[in-house]
Amino acid sequence: MKKVLYIGWLGFQNIGDELLWNVFAASARQYAPGVQIVPSTPKVNWKDTSPYDAIVLGGGSLLLPGYMAVLRQAHEAGKPIWIWGTGIDWISPMETDALRAGAKPALNHHFSAKDAELFRTVLASAAFAGIRGPLSKAALDTLDACPPNVRVIGDPGLLLSPAMPAEQPKTEKTIGINWGTTYNRLFGQNEALVEDALVRAAKTWIDAGYRIYLYIVWPSDRSACERLYKKINCPERVTFDRTLYNEQQLIERLRPLTATVNFKLHANLLSLAARVPAVMLGYRFKVFDFAASLGFEQYVISTASPQLDTELVKTVALAEEQRSRIIEQYEAARRQYTPLLLEPFQHGLFV
């Protein structure tokens with residue numbers, strides 16, 4: 001039996017990374033049932049590729065020199081390598097804006113010439129080189145590290161089956177808020193200011209007759225969400241769901257909502273899979289990359305925005321108004337990317 005290593009940020013109860021592994025494993029079971037897939041949990045030494053017949057760099061933001069060096073090592077040992085829906089992150093707000101505008105900013109603060117050469121070599125040698133979004137591709141182009149075989153294939157979470165259409169709520173409208181922490185490694189470098197903006201926006205929605213539903217996608221987010229709940233200080237109108245659900249459970253809980261505001265990237269995807277419009281807190285480059293892959297740039301607000309609360313209220317109103325169009329656009333993106341995400345499985349690249 002062939003043995004394949006799947007590299008992802010796994011084993012830390014982060015719903016986003018776990019759902020990416022789950023959709024990969026489901027596709028592997030369908031198209032390659034005779035292949036053993038080993039996920040890179042903390043007990044697995046993923047830097048040692050010798051026990052495996054092929055290596056997959058899975059979804060997330062793993063286009064980083066350390067991971068690419070492992071792939072190069074595997075390729076030099078004669079093993080096929082895949083890059084499946086991962087992307088770039090950690091690019092500054094100014095450089096993010098430049099890439100979004102079609103410019104080519106200097107990225108040498110993030111990646112050295114040696115890193116760029118590593119990226120270029122590994123991507124060119126991949127049996128399949130699919131990356132998450134157009135901004136990741138633009139960054140690789142800027143580094144002169146994007147060989148012709150690299151394609152944008154979307155976030156692998158797009159393979160999640162969408163929820164059945166929910167009936168329009170007969171009770172009060174509810175805004176979902178996903179909040180948490182990234183230990184101030186965000187655009188603006190000040191989670192406290194973002195949290196206070198969320199408080200002001202939530203109070204505006206409550207005054208307008210909405211309810212608020214707070215939820216998490218990572219255990220480390222629980223204390224930040226608890227603090228947000230206390231700051232809003234309206235327990236009769238705000239529900240804080242402290243449970244950490246898996247992706248299918250959370251989709252079901254989001255289905256009745258009017259719209260969501262999400263801090264973590266894959267909370268947005270889960271909202272959209274629940275057929276609920278998502279307004280994205282652009283806390284790092286990866287969120288803008290994901291939004292650009294769906295054509296949802298107008299629904300991202302940088303966490304560095306000085307008018308964050310006002311922009312949130314305005315953008316949620318727009319999302320509610322455009323609900324049907326947003327869901328149709330998301331479904332169109334799913335139809336576009338699904339064949340690309342499934343292509344390596346269907347072509348039997350590691351069977």
*Note down the net charge around L340, summing +1 for each Lys or Arg and -1 for each Asp or Glu among other residues with Cβ under 15 Å from its Cβ.*
+3
*Taking the Cα atoms of the range 210-308, what is the range of coordinates along each of the three principal axes, in descending order and whole Å?*
36, 33, 27
*Using +1 on the beta carbon of Lys and Arg, -1 on that of Asp and Glu, and nothing else charged, what's the dipole of the chain about the Cα centre, debye to 20?*
420 debye
*Which of the lysines could be linked to K2 by a straight reach, that is with a Cα gap under 21 Å, when you skip same-chain ones fewer than 8 residues away?*
K43, K47, K79
*Fraction of accessible area attributable to carbon and sulfur, the chain (%, probe 1.4 Å)*: 51 percent
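Using a 10 Å cut-off on Cβ atoms, rank the peptides 280-288, 236-244 from the highest mean neighbour count down. Mind showing how you got there, number by number?
Working: 280-288: 25.2, 236-244: 14.2.
Going from most to least packed, we get 280-288, 236-244.
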*With a ≥ b ≥ c the root eigenvalues of the C-alpha gyration tensor of the chain, is it rounded (a/c under 1.5), prolate (a/b larger than b/c) or oblate?*
prolate
_Net dipole in debye of the range 174-333 [+1 Lys, Arg Cβ; -1 Asp, Glu Cβ; about Cα centre; nearest 20]_ = 300 debye
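Keeping all protein chains in place, calculate the accessible area per residue for the range 174-333 (probe 1.4 angstrom), answer in Å². Write down the numbers at each step before the final one.
Numbers: 5730 Å² over 160 residues.
Value returned for the range 174-333: 36 Å² of accessible area per residue.
Using a 10 Å cut-off on Cβ atoms, rank the peptides 89-100, 6-17 from the highest mean neighbour count down. Present the calculation step by step, with values, prior to reporting the outcome.
Values: 89-100: 18.2, 6-17: 19.8.
For the peptides 89-100, 6-17, the packing ranking is 6-17, 89-100.
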*aspartates and glutamates near K286 by alpha-carbon distance under 12 Å, same-chain residues fewer than 8 away left out - which ones?*
D89, D155
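The values are calculated or read from the model by the stated rules, or taken from the named source; none is laboratory data. This one's a predicted model, so the numbers in the text were calculated from it and none came from an experiment. Neighbour counts are summed over all protein chains in view; Cβ atoms, including those assigned to glycine, are modelled from backbone coordinates with ideal geometry. With ligands, DNA and RNA removed, areas are computed over all heavy atoms of the protein, side chains included. Shrake-Rupley method; radii C 1.70, N 1.55, O 1.52, S 1.80 Å.
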